[in-house]
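Only the coordinates and a few stated rules stand behind these numbers; no lab work does. Because the structure is a prediction, the values reported are computed rather than measured. All Cβ positions, glycine included, derive from the backbone under ideal geometry; neighbour counts span all protein chains shown.
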Amino acid sequence: MSGYRLKDSGIYIDTAQELRFEFDGKKYVGYQGDTLASALLANGVTLFARSFKYHRPRGVYTAGPEEPNALVSLRTGDRHEPNCHATTVELYDGLVARSQNAWPSLNTDFMAVNQFFAPLLIAGFYYKTFMGTGQKFWHFCEHFIRRAAGMGQGGLSADPDKYEKTNHFTDVFIIGGGPAGLLAADTLAKIGAKITLVEESNNWGGSLSEEEGLINGEPALYWANNVVKILTKNEKVTVLPRTTVYGYFDDNTLGAIERVSDHKQMPKNNEPRQRHHKIFAKRVIIATGSVERPIVFEGNDIPGVMLANSALRYAKRYGVAVGNKVVVFTNNDDGYHSAIELKKMGVNIIAMVDPRSTLDPELKTQIEEQNIEHHPGCMVTSAKGGKSLNHVNIAHFSRDSGSSGSLQRINADVLLIAGGYTPTINLCSQIGTKADFVEEIQSFVPGESTQPFVACGAAKGQLDLESTLCGAVEAAVQTAKYLNLDIDTHPSIKVEKANRKAIPFPLTDIPSTNSSAKKFIDLQHDVTVNDLKIAHREGFSSVEHLKRYTTMGMAADQGKTSNMNALALIAKERGISIPEAGTTSFRVPSKPVALGALAGRDVGNHYHALRRTPVHEWHIKNGAEMVDTGGWHRPRVYKKAGESLFEAYSREAKAVRNNVGIVDVTSLGKIDVQGPDAAEFLDRVYANSFQKLPVGKAKYGIMLRDDGYIFDDGTVWRLGETQFLMTTTTVNAARVLSELERLLSLYWPELKVHVSSQSDQWAGMAVAGPKSRSVLESIITDMSFSEEDCPVMSVRKGRIGKWPVMVARLSFSGERAYEILTPRNYGLDVWEAIMDAGKPFGITPYGTESMGALRIEKGHIGGPEMDGRTTLGDVGMERLSSKKGSYIGSVLKNRHGLKSDDRKTMVGLISDGIKPLRPGSVVLKNNEIVGHVTSATFSPILDKNIALALVRKGKKHIGENLQVVFPLKDEAYNVRVVDPCFYDAEGKQLYA
Amino acid sequence: MKIKCPICGKREASEYTYIGDATVKRPDVNNTDEQSWFEYVFQRRNPRGDHEEHWQHTAACRSILKVKRNTVTHKISSVDLEGPWQGQGEENN
Amino acid sequence: MPELNFAANQLQNPYLDLIDEVNNNCVKLNEVQFGFGVLVKAWPDSFTKVQELLTSYLKVQEVPRLRNFVNRHNIYCAFLAPGQFIIFGHEPNMIEEIANLFEADIASVLDISHSRRCFRLSAAKSTLVLNKGLPINLEDEEFGIGKAFQSTIHSMGVIVFKTGADEFLIFTSASYSVSFVEWLFEASAEFG
């Protein structure tokens, strides 16, 4: 096969604009408007790729996105993209492309040796070879298999391009810019509908580039051109070229990718590479056209064998002749059209092979006029050649399996095959529309719509121009009716001299000359007729099994050029009709989608939105290392110069115990509970009671789930007779609020209570340490800090300068401590004021790491102890639930399983090791697992590594020595079991 | 999947949070019968076909909605406002 | 033979046109300071009373209907969820006045002055920019002036009032406000 450029041809190319490009290191020249494939064909390139499994040499098969063979890798460096169809890549100056799946080169591919293992690499290869051989053997072989299989290489660096995402609303969404889509759009635009029209390529008219017929007296493509011009001027019409619809979802939502700058060497400044559109349409019109079907015979994958209509496209659109000596094998009239038109354009068509014995006399005349050798009643039995086609063998057509009649050899470098057309119904199938078989065209068309869409044109099996245009009008009328728009039901369209309809003569399973010959059904996955037959013999005959057992139709092309042939073959094997055999469903996406396009701009630090406290910038300026908790950024530690994490949090924790520290607690969930029944509500929610809590007092509250396990804890402050402020842990804030709303809404409507989130209203900080009172007393006015006026658990209101503050004497660290709440906008000022006032006392800001160390030293439970598997009894809080009334979880917490004395209960562990223990480590006694570590830290006060753990019959082990192991890192320590409160068990420090 | 909130209109599923099965009945606050609570907390029929469930519109009005959804086709046949404000929504527009 | 080639960018595409406009004031964002914010929540049996009290206090014809807002003397009041009115205005002492309107069993009143920050988004492409993150139809037929809604943009809660053609007042959760502005700037980058 050696293609060349035809003179004065090619409606899409501009020969005045030359483009330089590179393929596999060789430099070539093409024209503006070429695709990579057309330019390479014009330069005489035959070999484009190596096939998936067998590494067979492959050439271009088609002229569109259904291309199974010519997959290339584009661009270099971090913009590298594998598996691009050379047939759809728009050529630009400076384009660099490489072939795939071949080593060391496309021409000399060592992996072609796979072909000799072909008998082993049949359908079901993996199952049969590795079943029963054990994991180790599979893992060993997998390494090599993975190297050998696969197509292009994925890139390893981050995608530097920008992608955008947007939402798009429209009344009518028309998919496809061919004759059907254009006429539907034109008809609806004329009556004022709001339309979005998308077309996959950058050219309009679709199949009209090969259509000889006239529409309303003009050549078909002129008509298309005019329609597009009218549509673009229409304000209510949005036209999106280079946009592929890849998914059709429920509720008439669709996903499409607009290739904004893929046709340029680099995107312009701020230009996204691709844009993802989420489309919400009232009605959809699917005009996705059809794909030509190959015929299956021995050697049908040799470079030089390709689809007939595609060859015509190369000539008409790009002015490229695909070869010097061309044979055409067709089973329908459209093949003749391709042959005759090609001959008229100067391509050397030497023979027509057709299994049908009788031919339309008009076609017969044309064939004779063009001097094309005609072989009626014959079929191609094999194509022969190595890296390119050498010759073709034909024989008389016979319906029986054995071939009869003599073999005739025709030397040729291109064999065009025309097997009919398969409507593209992927999108319809994605939303569950069943496919109906149409006998005449031997193909499936969309059945009854499951969503508000209508298909028209070739996609609906209307394969000739007249019925396509009629179908488009019908679709437009239906759509208009649904949208309540008036329409003249007979817009005038006159079609003359249109191309003939392709009515294929069924040709399934052409016999081969020898049994080891390969007849490819799925070119992209290297699935042969033999594979399908084996699958059937082994019982995998249903289409669903067949597909998965042979991987037929599972490649990136989703079997666009292979599904129908496979279905026809399996139906024949099973002795049933094609509709009886049925089809599989098409999955999203119908065309490959770049992951970047799906992510849009939600990458990097935009991965999820960040919540900041008002002191955020101050933290960062003062050396804080931030950590992500529940969507908020909180300081983990404040590192001084040269400090390690360990040194920093030890210093901070020591400062709190000896002096005073301040920590930002704004992220804690805060919920306002208001209403006459607020107290009653809280009593029902918490395990401990709140009815009697006086105004101005706070109380620790612990909440259970309905199943009796601990849900969350926090403090509740009574701000008034009917108003409380609940705090929750940062992580559970949203869940707790939802739970409260659910209870009030569904089950307790008799309670007059409102719950509202206040997490954004208040900034919070905890000032903790023996000197905390002194610091705060120096700046907070309007309240007294004396022991009588401000006892532990009291809530008071005061001011710092002009800023109002609420002070609650609560402690998480076990030291004297006060939680300060101030309206959010004053947060930074109040923080800085406290820092200023605390300077003479050596105030230290501290983060979550030291906060954790402090609370662990006191045995206070945190998130890891409330992981949903612990009860109050497990963590030593059973006494809190002594009230008589019911509350969430009060019944199921008494299930005998939750009361068993065999349960893991919380204890403290002191380790002798120098490294900290790890949460999740296993606790062993005499090599038996007795528990696990929940929280661990280094304790600056004890100068030892400590942990909280859940151990079976924990209290019984106090004083014993156990072992803690972390097998993943081969760590083991000896520990002593102690009471979970490691420091100041009497709680004296609260009054320090 | 889109759910038509009676208060806010048709919104994407990502704006909602699944709350639970709407066909189970929570025992009264003062009910201490372990069996009733066990059935409410753990027993679910998991039907194939039409199912009633509770969703909360957490991204907007925070109403609890009773949604009748088909677990096979995901088709939503009705959405009603639950709770003390039942009957509000579209009529109140 | 008439010209059959035509470049893609001659076709109407709302995004392509804008990329070529630089510094064209296609999107304008200003922060709007307000003096107070208050959330009034009624119960079903007190809802009518709350409506009455608010109507007379705000001196409006009637309280806003669902998914709408009213604006009188720069006091905005919107009705977005059953029984709840959200009010923003300039005089901080109005919080106490509003709280005093209702007894504890009629409505609960919550000060949310610091919970939200407000931005005005205006100029030609604001709808397109918002649509990048909001799958809600903001076109005039569906969402006219005077309408309000609550949703999330990129999981950040927002309340949006349409105050004019292509003009919006956006209230974000205070803790998300920086993230929101960042998102907005990036979303408008290609529009200038």
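The figures follow:
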| quantity | calculated |
| --- | --- |
| Per residue convex hull volume, Cα atoms of chain B, in Å³ | 100 |
| Options A:S794, A:I779, A:I820, ranked by Cα towards positive dipole end of segment A:762-845, top entry (Cβ charges) | A:I820 |
| In segment A:53-111, the trypsin sites (Lys or Arg not before Pro) that fall in loop regions by DSSP, at most 13 other Cβ within 10 Å | none |
| Signed unit charges on C-beta, dipole axis of segment A:606-658, positive-most listed residue A:A653, A:V637, A:A609 | A:A653 |
| Cα pair distances in the protein assembly as shown, grouped into 20 Å bins until the bin that holds the longest one, percent each | 10, 31, 30, 22, 7, 0 |
| Alpha-carbon centroid distance for the pair segment A:937-986 / segment A:67-116, whole angstrom | 59 |
| Simple label model, 7 Å out from Cα along Cβ direction - B:T32 to A:V438, nm | 7.4 |
| Cut-off 20 Å, label 7 Å out along Cα→Cβ of A:K956, residues of segment A:898-919 by amide N | A:898-909 |
| Point-charge dipole on Cβ atoms (K/R +1, D/E -1) for the protein assembly as shown, about Cα centre, debye to 20 | 2660 |
| Antiparallel bridge percentage (DSSP; both residues within the protein assembly as shown; nearest 5) | 80 |
| Chain B, relative contact order [Cα under 8 Å, separation at least 6], % | 29 |
| Shielding of C:131-141 by partner chains, average beta-carbon count, 10 Å | 5 |
| Principal axis dimensions, segment A:669-757 - Cα atoms, whole angstrom, descending | 30, 26, 22 |
| Cα-Cα over 21 Å, subset of A:K697/C:K49; A:K316/A:K364; A:K7/A:K325; A:K639/A:K858; A:K27/A:K343; A:K639/A:K839 | A:K697/C:K49; A:K316/A:K364; A:K639/A:K858; A:K27/A:K343 |
| Sites A:M266 and A:S585 - FRET efficiency at Förster radius 41 Å, r taken between beta-carbons, to 0.05 | 0.60 |
| Shape parameters for segment C:34-111, alpha-carbon atoms, Rg then Dmax in Å | 11.2, 32 |
| Flagged links, alpha-carbon separation over 26 Å, of A:K233/C:K125; A:K893/A:K953; A:K915/A:K988; A:K899/B:K66; A:K481/A:K591 | A:K915/A:K988; A:K899/B:K66; A:K481/A:K591 |
| Per-pair calculated FRET efficiency, R0 = 41 Å: C:K59 and A:K236 via Cβ, rounded to 0.05 | 0.45 |
| Residue-averaged beta-carbon neighbours from other chains (10 angstrom radius) around A:760-769 | 3 |
| Relative counts (whole %) of C-alpha pair distances in segment A:460-605, using bins that are 5 Å wide | 2, 8, 13, 13, 11, 11, 11, 12, 9, 6, 3, 1, 0 |
| Relative packing of peptides A:753-765, A:37-49, A:10-22 - highest average C-beta neighbours within 10 Å first | A:37-49, A:753-765, A:10-22 |
| Hydrodynamic radius (Kirkwood) for segment C:151-192, which is based on Cα pairs only, to one decimal in Å | 11.0 |
| More than 20 Å apart - percent of Cα-Cα pairs taken over segment C:38-192 | 51 |
| Ellipticity estimate at 222 nm from DSSP helix runs (n ≥ 4, -39,500 (n - 2.57)) divided over the protein assembly as shown, nearest 500 | -6000 deg cm²/dmol |
| Whole-number Å³ per residue for the convex hull built on Cα positions in segment A:606-658 | 107 |
| Stretch gain in nm, segment A:Q370-A:K883, where the contour uses 0.36 nm per residue and the Cα spacing is subtracted | 174.5 nm |
| Per-selection Kirkwood Rh - segment A:418-490 (Cα, Å, 1 d.p.) | 13.1 |
| Segment A:762-845 - Debye-derived log10 I(q)/I(0), Cα point model, q = 0.21, 0.24 Å⁻¹ | -0.95, -1.28 |
| Virtual spin-label span in nm between A:S492 and A:Y747, 7 Å along Cα→Cβ | 7.3 |
| Overall form of segment A:326-417 per C-alpha gyration tensor (a/c, 1.5; a/b vs b/c) | oblate |
| Diffusion coefficient, µm² s⁻¹, Stokes-Einstein with Kirkwood Rh over alpha-carbon pairs of segment A:1-99 at 25 °C and 0.890 mPa s | 180 |
| Protection-proxy order for peptides A:869-882, C:105-118, each taking the mean of Cβ atoms within 10 Å per residue, highest first | C:105-118, A:869-882 |
| Dipole-positive endmost among C:L54, C:A124, A:L743 within the protein assembly as shown (Cβ charges, Cα centre) | A:L743 |
| By average C-beta atoms within 10 angstrom, highest first, the peptides A:706-719, C:63-76 | A:706-719, C:63-76 |
| For B:58-69, mean number of other protein chain Cβ atoms within 10 Å | 5 |
| Residues with amide H under 5 Å from that of A:N390, placed H, sequence gap 5 or more | A:K384, A:G385 |
